[in-house]
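Novice: Please read through the structure below; I'll follow up with questions.
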Amino acid sequence: MAITAPLLWLDGSMVASSTSGVPLMGHAAQRGSLVFDVGSFHTTPRGSALYRARDHVARFARSARIVGLELGFDEDTLLRAATRVVAESGSADGLVRWSVYYKATEPDLVPRDIATHVAVAAQALQDPPRRDPIRVAVFDDARKASRDVLPPETKAAGAYLGPMLARKRAIAAGADDVVLLDRDGDIAEAPIANAFAVVAGALWTPPLGQVLPGITRDSVLAFAREEGISVREEQLPLEAFTSADEAFLTSTSLPVAPIGWVNGTALRAAPGPITTRLTERLLAARRGADPAHEAWLTYVR
């Protein structure tokens, strides 16, 4: 659970987060058109730093363009807004959320007023990420929407309703999360995370174009290549995933969740040696202990 800081950045000004809610009858709430992105910030020897914030802002801007929402602020401004809300929050570690949504207070399917609000907020994590292996469920009829419905690069609120229902179903079945299939029946991703499997020493994950281009996903792939681990960005069959030597999920908030069971069947190792190595590399980079990836950090001044 994340707790939003008392102040957030809204259209260029710092305002109380308690007074800046989305209108109930507005397009964002009634049609799910709000676009967002989520980054993280962490304690480093030089103070708090955002991890790969420029990449998050760039992805946020891309999502807004896909949906047709006008940001009205350049990416440098949105980056500075993030460092400001983190500084104002007083938290050393947490999340940053960028959001853009229509100002319109009427729920017409295509709003007549296309003006937008842009907000940036810092959040403190009330509970630390889990480190113990998780249980995931895979259902044949729980599928990720194909790109002819919505491009997978889009982080828009309405896109998460189907995955939310699938996760609720998985939890009811005794799992912690669900992994969705693509329309061909291969592994796609979890509702808010990318999926990986380790098979015969190779790291395997579904290719871009079918899944969200996760920032943590990209980091893990970079670390794997630096470690000399063979990488396969290609279709991941369900059978390969359920019989993998190791498997894990990645996202900003997790950041790496080792999978111990798939549909009740235990994997060989959780976390396995490759999962452990890549997790250590990621955590080191986020806390400023990896000089090779210092450029990925944006320090809070």
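The values are calculated or read from the model by the stated rules, or taken from the named source; none is laboratory data. All values derive from a computational prediction rather than experimental measurement. Positions of Cβ are backbone-derived with ideal geometry, glycine not excepted, and every protein chain shown enters the neighbour counts. Surface areas here come from the heavy atoms of the whole protein model, side chains and all, with no ligands, DNA or RNA. Shrake-Rupley method; radii C 1.70, N 1.55, O 1.52, S 1.80 Å.
Novice: Please count how many residues of the range 65-90 are surrounded by fewer than 23 Cβ atoms within 10 Å (Cβ to Cβ) and in a helix (DSSP H, G or I).
Specialist: Total meeting the criteria: 12.
Novice: Then there is this: Count, please, the residues in the range 1-29 that happen to be aliphatic (A, V, I, L, M), in contact with a helix residue (DSSP H, G or I) (Cβ under 6 Å, 6 or more places away or on another chain), open to solvent by less than 40 Å² (accessible area, probe 1.4 Å) and not in a loop (DSSP other than H, G, I, E, B).
Specialist: 1
Novice: Cβ contacts < 9 Å: first residue in contact (Cβ under 8 Å) with a residue 12 or more places away in the chain and closer than 15 Å to W98 by Cα, restricted to the range 10-23; second residue in a loop (DSSP other than H, G, I, E, B) and among the hydrophobic types (A, V, I, L, M, F, W, C), any location; separation 6+ or different chain. Result?
Specialist: D11/F73; G12/F73; S17/A5; V22/L34
Novice: Do we have I215 as touching a residue at least 24 places away in the same chain (Cβ under 8 Å), more than 16 Å from T279 (Cβ to Cβ), touching a helix residue (DSSP H, G or I) at 6+ places or on another chain (Cβ under 9 Å) and crowded, with 19+ Cβ neighbours inside 10 Å here?
Specialist: no
Novice: Another question about this same structure. What about L238, is it surrounded by fewer than 20 Cβ atoms within 10 Å (Cβ to Cβ), on the phi < 0 side of the Ramachandran plot and in contact (Cβ under 8 Å) with a residue 40 or more places away in the chain?
Specialist: yes
Novice: Right, next: Kindly check whether there is at least one residue in the range 141-152 that is free of Cβ contacts under 8 Å to residues at least 60 places away in the same chain, over 18 Å from the mean Cα position of the chain (by Cα) and in a helix (DSSP H, G or I).
Specialist: no
Novice: Within the range 276-284, can one find any residue that is open to solvent by 20 Å² or more (accessible area, probe 1.4 Å), in contact (Cβ under 8 Å) with a residue 40 or more places away in the chain and in a loop (DSSP other than H, G, I, E, B)?
Specialist: no
Novice: Do you know which residues across the range 260-275 are farther than 23 Å from G228 by Cβ and surrounded by fewer than 21 Cβ atoms within 10 Å (Cβ to Cβ)?
Specialist: G260, W261, N263, G264, T265, A266
Novice: May I pose another question? Could you list, in sequence order, all residues of the range 91-142 that are surrounded by 16 or more Cβ atoms within 10 Å (Cβ to Cβ), among the small types (G, A, S) and more than 12 Å from S40 (Cα to Cα)?
Specialist: If the condition is that a residue be surrounded by 16 or more Cβ atoms within 10 Å (Cβ to Cβ), among the small types (G, A, S) and more than 12 Å from S40 (Cα to Cα), then S99, A104, A119, A137, A142 are the ones that fit.
Novice: From P258, P207, grab the single residue that is more than 17 Å from A137 (Cα to Cα) and not β-branched (V, I, T).
Specialist: Within the list P258, P207, the selection yields P207.
Novice: Being within 20 Å of the chain's Cα centre (by Cα) and open to solvent by less than 20 Å² (accessible area, probe 1.4 Å) is the requirement here; does R59 meet it?
Specialist: Yes, satisfied.
Novice: Taking the range 17-34, which residues are at positive phi and at pLDDT below 90?
Specialist: none
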